[in-house]
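Working notes for the structure below.
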């Protein structure tokens, strides 16, 4: 677990460094050349930088062990981080639209278009590499904060591509209105990404169940164990990168306590192997405890008697 937390923190730091560089470069070229589309991209990268900083501190805090006030750990901080990043994206999109609308009625051809084209190419290459790294680590560690950060940068790739095409079109045609139009299109893409991340983050914060695929894995493990007669009240949720699972198992009523404990250990290990990191809580019930269950089958021990 410590190695996983260290990997998440170092990857988040990489995103902070790359976004810091891109913000400075885009602001310099945007204001120097007067291109609102590049300035809008600088604002987008600025939001990415804030998001990267939030993700960096979130994964460090979420990796801390449980304490007296947080018995289940600090994983929810990652979910809160993702929600905050999503709101920032939406606000950045609205700001870009406002700036573009003020320019669309008095457009002018930006100066030094070749500098803008060059910085957009650099931005695309840097964000493609960093986002790929972020997404790889996010999938490996189940980190929502890093996944949100990776999605930010992937949205930035598309918007940078749009600005690149727009700047190239202005250089060829001389049509100044293309610059604010591209900025508005950038804002639409950014807003869509922010809205989708907001919805996903709110689901996580309201303790939505694990995906159908993940719950199917748990049911398969429980159904396949020979000592388990049945199970019920399977409940699942997420806390940051950790999956929280609790379930009631119905076992043979003549099973010894040490055997029942061993069954629980086997189930926990099997689920952990498939869905780590996770915390599994099991409640044991003897067969016949429920009136509507019907006749209890005999255990292998009783069948041999």
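The values are calculated or read from the model by the stated rules, or taken from the named source; none is laboratory data. Quantities reported herein were computed from a predicted structural model and do not represent experimental measurements. Using ideal geometry, Cβ is built from the backbone for each residue, glycine included, and neighbour counts are taken over all protein chains shown.
Some notes on this structure:
- A count restricted to region 1-28 and to residues that are surrounded by 23 or more Cβ atoms within 10 Å (Cβ to Cβ) and at pLDDT below 75 stands at 1.
- Residue-level check: of (1) touching a residue at least 40 places away in the same chain (Cβ under 8 Å); (2) in a helix (DSSP H, G or I); (3) surrounded by 15 or more Cβ atoms within 10 Å (Cβ to Cβ); (4) out of contact with any strand residue (DSSP E or B) (no Cβ under 7 Å at 6 or more places or on another chain), residue 157 misses just (1).
- Test for residue 61: is it in the same structural domain as residue 191 (by TED's automatic domain parsing), more than 27 Å from residue 165 (Cα to Cα) and at pLDDT 75 or above: no
- Within region 222-243, not a single residue is at pLDDT 90 or above, touching a helix residue (DSSP H, G or I) at 6+ places or on another chain (Cβ under 6 Å) and over 21 Å from residue 284 (Cβ atoms).
- Unique match (being in contact (Cβ under 8 Å) with a residue 40 or more places away in the chain, within 21 Å of residue 59 (Cβ to Cβ) and surrounded by 14 or more Cβ atoms within 10 Å (Cβ to Cβ)) among 230, 193: 193
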